[in-house]
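Structure record follows, encoded as structure tokens.
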Ligand SMILES: Cc1cc2nc3c(=O)[nH]c(=O)nc-3n(C[C@H](O)[C@H](O)[C@H](O)COP(=O)(O)OP(=O)(O)OC[C@H]3O[C@@H](n4cnc5c(N)ncnc54)[C@H](O)[C@@H]3O)c2cc1C
């Protein structure tokens, strides 16, 4: 038995002994009767572990139970209580199936890094973004398909991002009998609603076809704010004399470093939106695949049908390319791939002057592009 937050072998052993001496079974409670699968009762567990000699008295038993609970070995079935000497139901995390990252025969998780040549950060990065070739059928399409725009370059940061939000070998859980809530889309909307539902004890599932975190983490708020921070720093340095800075002439920008910093920050935030966290820590069933409604209360994903009482449609949006004559001949960037850039474009034309267009225009201008 091991726990995602802890490599503590001693605690693993204690958790194993704890689990071996308590009575885990399906229990029913409340009116109307509600079934809680594979759980144990706090009060019974305290008596059992004292009898087993794992704790000498009530105080020590509660201390051990709460240590295991806080380390994520088990939790109250509705995640509403600490470990108490009361008629409360608890369940071991490993007895739940919310989906899991598969491991190889050595127990190592499959990573995107297994497939990718390693990119060193010692030299200058000169990989350029995947700018799509102008499409002859341009007139026929207007919407950018997210899954046609993977993140790049595949350095250690983007590999970490993908390992968290789009794990290479994810095994979807076996669908539960009926979900109280299914969120379609794993962006900000779907993540918040599915976690909120699970947090108040509902059977909750999330379905994501591309990258958990959606626009905000991957191609929206997070990367854009990381760029704005650098752009503002550069602008401040350039007006350094007014701020009391000296010797600021000749300051130059390493755009590849700016983008590398962004990728590093984005990957450091990724565990918060990860499949692992949602399944293990938050108790949400994580399904990776494209969801398709098949009835008023059913949705299909990866060949399985999920039944639900309520569904949240949080499929977000993607960039639309306006039908401007001549645009088809230009190398087009949208939010889906602009954050893949590693070389500063000499000239950038920004179409659209909403907040996203404005912030990107300002950033590129401050980095040194000619912006129209
Ligand atoms: C450059 C940029 C900067 C931004 N900056 C900010 C900011 O500073 N502050 C702010 O508040 N907002 C900002 N936003 C807006 C913010 O990113 C979005 O409002 C937010 O991400 C919307 O969340 P969502 O959950 O509705 O949709 P999304 O984040 O788009 O998520 C939808 C998800 O649904 C998935 N999906 C779609 N169809 C299916 C299907 N059939 N099955 C399974 N999954 C599916 C998609 O793959 C996607 O992951 C910014 C956006 C951009 C582009």
Exercise. Over the Cα atoms of segment 296-372, what Rg and Dmax result, in angstrom?
Worked result: 18.9, 53
Problem set entry | If the convex hull is drawn through the Cα atoms of segment 217-372, its volume per residue in Å³ | 184
Exercise. Looking at segment 9-95, what % of the alpha carbon pairs are farther apart than 16 Å?
Worked result: 47
Problem set entry | Estimated Rh, segment 125-317: Kirkwood, alpha-carbon pairs, angstrom | 18.8
For this session: Please give the helix 255-269 orientation as an angle from the longest Cα principal axis of the chain, in degrees from 0 to 90, rounded to the nearest 10.
Result: 20
Exercise. So what is the relative contact order for segment 9-95, in percent, with contacts set as C-alpha pairs under 8 Å and at least six apart?
Worked result: 28
For this session: Average the reciprocal distances over every distinct pair of alpha-carbons in the chain, invert the result, and give the Kirkwood radius in Å.
Result: 23.7
Exercise. At 222 nm, what helix-only mean residue ellipticity would the chain give, in deg cm²/dmol to the nearest 500, using -39500 (n - 2.57) for each DSSP H run of four or more?
Worked result: -9500 deg cm²/dmol
Problem set entry | For 252, 194, order by how many other beta-carbon atoms lie within 10 Å, fewest first | 252, 194
Problem set entry | Folded to 0 to 90 degrees: helix 156-165 orientation relative to the chain principal axis, Cα | 50
Seminar exercise, completed: Nearest 10, in degrees from 0 to 90: the angle of helix 42-52 to the longest Cα principal axis of the chain is 70
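Read-outs throughout are calculated quantities, based only on the coordinates presented, and are distinct from any laboratory measurement. Because the structure is predicted, anything quoted here is derived from the model rather than measured. All Cβ positions, even for glycine, are placed from backbone atoms using ideal geometry, and neighbour counts span all protein chains on display.
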